[in-house]
């Protein structure tokens, strides 16, 4: 991925070259950012409530494209979108004696004296990014995205944009990053209602099969809701593998213990796609469990070895489509109540069905049927 890093003087010269107005640099102000991330319990973010905006992790970086309209009327954008103010520039956190600032990792970028600026950002920098000015709406092209298949170590792509930022006010650019993948997490609990049978179920494994993990993304008019293409690479994700006796309390599954906090859970991200049925590529959940020995209705039953149930994802999510930026939590309850269902009978005798048979006439004179 090619990056263009300008020094302060270079940035000012570039602006002057494409401007119809003179640029006042008597009191130059550096462009800096105030990034936040829309919380869906992403892999790079700590726990929080869905929809909450959290500060972007200071240990991470993001990249920015920026384009200036120097008179603020929109007439300059056609020209200036071919001459970026910031061209795939890496932004990082710079600690200071106070709170610190988010700005270019290398070089200095200044606000123009007049007009407005459009900003487009993405994370992580490992994604190959270009800015598409040939199609409307203009936007980011992210190609060759590979999310990875190791739970807890995946790439979690996010994008942000803010348009027509007034340059004269020279604010910190408030970027709200939004997720472009779908995230999946699982909870498990003992759904048994019969008191004597609770705590007999041990969950051993939960696997999501035939999930997609790579593709290309094109941003659209709504940030984070762009289109995916070239979706590929089927993968299986093990949300849980171990041996845990289920309790009535519902807990998130994690790699080692489902009692761990959610930010340690085995959540993973996948490419948004249609859920299919009737093919070898069906997306399914395989749940494996075993049952300890138990007594019910006067009988003793031996332990049941591992059993596996296959659950189709089809008709489990709205419109049978995983959507950008949505977190899907699958709540899996396993019940022992079937063991308490002794075979019983409720006999009754059904009433007769009456059929009226007419049309029979006897000839009384001849003692015969007419």
Go through (1) within 17 Å of residue 156 (Cα to Cα); (2) at pLDDT below 85; (3) crowded, with 19+ Cβ neighbours inside 10 Å one by one and return the number of the condition residue 269 breaks.
(2)
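Residues checked against (1) at pLDDT 90 or above; (2) closer than 28 Å to residue 316 by Cβ; (3) touching a strand residue (DSSP E or B) at 6+ places or on another chain (Cβ under 9 Å); (4) not in a strand (DSSP E or B):
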site: 129; (1), (2), (3), (4): yes, no, yes, no
site: 155; (1), (2), (3), (4): no, yes, yes, yes
site: 162; (1), (2), (3), (4): yes, no, yes, no
site: 192; (1), (2), (3), (4): yes, yes, yes, yes
Where in the stretch 294-370 are there strands (runs of 3 or more DSSP E), lying wholly inside it, with at least 1 residues that are out of contact with any helix residue (DSSP H, G or I) (no Cβ under 6 Å at 6 or more places or on another chain) and surrounded by fewer than 10 Cβ atoms within 10 Å (Cβ to Cβ)?
299-301, 304-312
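For (1) closer than 22 Å to residue 233 by Cβ; (2) more than 18 Å from the chain's Cα centre (by Cα); (3) buried (at least 18 other Cβ atoms within 10 Å of the Cβ), each residue gets a yes or a no:
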| site | (1), (2), (3) |
| --- | --- |
| 101 | no, yes, no |
| 104 | no, yes, yes |
| 122 | yes, no, yes |
| 126 | yes, yes, no |
| 134 | no, yes, no |
| 152 | yes, no, no |
| 158 | yes, no, yes |
Which of the residues belonging to the stretch 168-183 are at pLDDT below 90 and touching a strand residue (DSSP E or B) at 6+ places or on another chain (Cβ under 6 Å)?
183
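The values are calculated or read from the model by the stated rules, or taken from the named source; none is laboratory data. As the structure is a computational prediction, the values presented were derived from the model and not from experiment. Please note: Cβ atoms are built from the backbone with ideal geometry, for glycine as well, and neighbour counts cover all protein chains shown.
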